[in-house]
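All of the numbers you see were taken from the coordinates with simple rules; none came from a lab. Since this is a predicted model, take the numbers as computed values, not measurements. We place every Cβ from the backbone using ideal geometry, glycine too, and count neighbours over all the protein chains shown.
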Amino acid sequence: MRKLVLLLVCVFLALPGFGQTTLNGAGATFPYPIYSKWFSEYLKIHPEVQINYQSIGSGGGIRQLTEGTVDFGASDMPMTDDQLKEAENNLHTKVLNIPTVLGAVVPVYNIPGVSGELNFTPDVLAGIYLGRISNWNDKAIAAVNPGVNFPNQEIVVVHRSDGSGTTFIWTDYLSKISPDWKSQVGSNTSVKWPKGMGGKGNEGVAGSVRLLPGSIGYVELIYAIQNKIPYGKVRNSAGTFVKASLEGVTAAAASAPKMPADFRASITNAPGQDAYPISSFTWMLIPLHSKDPAKGKILADFLNWMVSDGQSMTSALDYAPLPANVAAKVKQAIKQVE
């Protein structure tokens, strides 16, 4: 009889709403596919823990974390010194930027009559987004794509309309390769675009490019693959045209400068023959001390699972796992979370 009672208690605790703790997070759309996978798999082994995540963009994730309306945030741009200070003042605790995976941002396009893989130079990408290259038959585009018959068609530029870490990665790259972009536009989760139309989330940009003939946009690699949108090679700092791949992202991380202690690192335009130039880490924004100690303990446990078992799930969704040396540093940092 006692065994039966214990069994029934365990069954009820495993049901939604019975003894279950819910963590709420919000932020970047860039890692949403892998985060969804992780939270689903973690629930299977911890049915008492439900992790809800809103894919609202990095800007929204930073804001909601700072306001204390979520248990954790997520961003493709590490928080700035000012943002960290504001969050610490509001939450009465420090916030850690914990890298979770690496991904690639790719130029996607919809050009009537052109279905093949195109080459893009840094100058061409900056020129298009600055509004200086406005037609697909421009000589600068044709020069690096011999044999491609480009139409005489205006380029429709698509960018993010929301505060976006994907935008930060894209504009961080453009700022490194174009002095004019750096001085006139700069890099951030939101910028004053010289031209173009906005789409909300990686999903919105991908959808707009699919629908609009003559368009170009930028999305995280998996969104291009899932939506079956052509994406091009980008010439890296070594002069090689590289198509986004797990190997190219891993090469960028390996050849980039040493990871700092606070994990706030940029690996766009990294050196290396095989490095894909628009690569980036993405981060979870974790309060050092949660208001609810039980939630802090769960967060620490999830992060430990993420940096070990969770990393084996990344490649199936076209993300690159954390380099071993970075994963080891992350495990040490997680010990502070409570």
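Using Cα atoms only, what is the angle between the long axis of helix 165-177 and the major principal axis of the chain, expressed in degrees (0 to 90) to the nearest 10? The angle comes out at about 40 degrees. Comparing mean-square fluctuations of Ala320, Ala140, Ala265 from a GNM of the chain with C-alpha springs under 10 Å, the top value falls on Ala140. Farthest toward the positive end of the dipole of the range 104-255, out of Ala252, Pro122, Ile229, is the Cα of Pro122, where the dipole comes from beta carbon charges about the Cα centre. Given their separation in residues at 0.36 nm each and the Cα-Cα distance between them, Asp309 and Gln20 gain 101.8 nm when the chain is fully extended.
Computed from the C-beta positions of Asp180 and Glu154, the FRET efficiency with R₀ = 25 Å rounds to 0.70.
When you restrict to C-alpha pairs under 8 Å that are six or more residues apart and normalise by the size of the range 104-255, the relative contact order lands at 36 percent.
With the charge dipole of the range 30-126 set up from +1 on Lys and Arg Cβ and -1 on Asp and Glu Cβ about the Cα centre, the Cα lying farthest toward the positive end among the listed residues Ile56, Gly103, Pro33 is that of Pro33. For the range 187-338, the Cα-based Rg and Dmax, in that order, read 17.9, 53 Å.
Kirkwood radius, the range 104-255, all distinct C-alpha pairs, inverse of mean reciprocal distance: 15.4 Å. Here is the link list: Lys200/Lys331; Lys192/Lys291; Lys192/Lys233; Lys200/Lys233; Lys195/Lys329; Lys85/Lys297. Which ones come out longer than 31 Å on Cα distance? Where the Cα-Cα span goes over 31 Å, the pairs concerned are Lys200/Lys331; Lys192/Lys291; Lys195/Lys329. To the nearest ten degrees, helix 32-45 and the longest principal axis of the Cα atoms of the chain are 20 degrees apart. Annotation for the range 150-235: trypsin sites (Lys or Arg not before Pro) lying in DSSP loop with at most 11 further Cβ atoms inside 10 Å of their Cβ are Lys192, Lys228. Between the helical axis of 2-14 and the longest alpha-carbon principal axis of the chain there is an angle of about 30 degrees. Once you reduce the range 71-116 and the range 136-163 to the center of their Cα atoms, the two points are 27 Å from each other. Based on DSSP H segments of at least four residues, each scored -39500 (n - 2.57), the chain has a per-residue ellipticity at 222 nm of -12000 deg cm²/dmol.
Centre-to-centre separation between the Cα atoms of the range 199-229 and those of the range 21-53: 24 Å.
Using C-alpha pairs below 8 Å separated by at least 6 residues, the relative contact order for the chain is 22 percent. Within the shell defined by Cβ-Cβ distances under 14 Å, the residues around Asp309 carry a net charge of +1, with Lys and Arg each +1 and Asp and Glu each -1.
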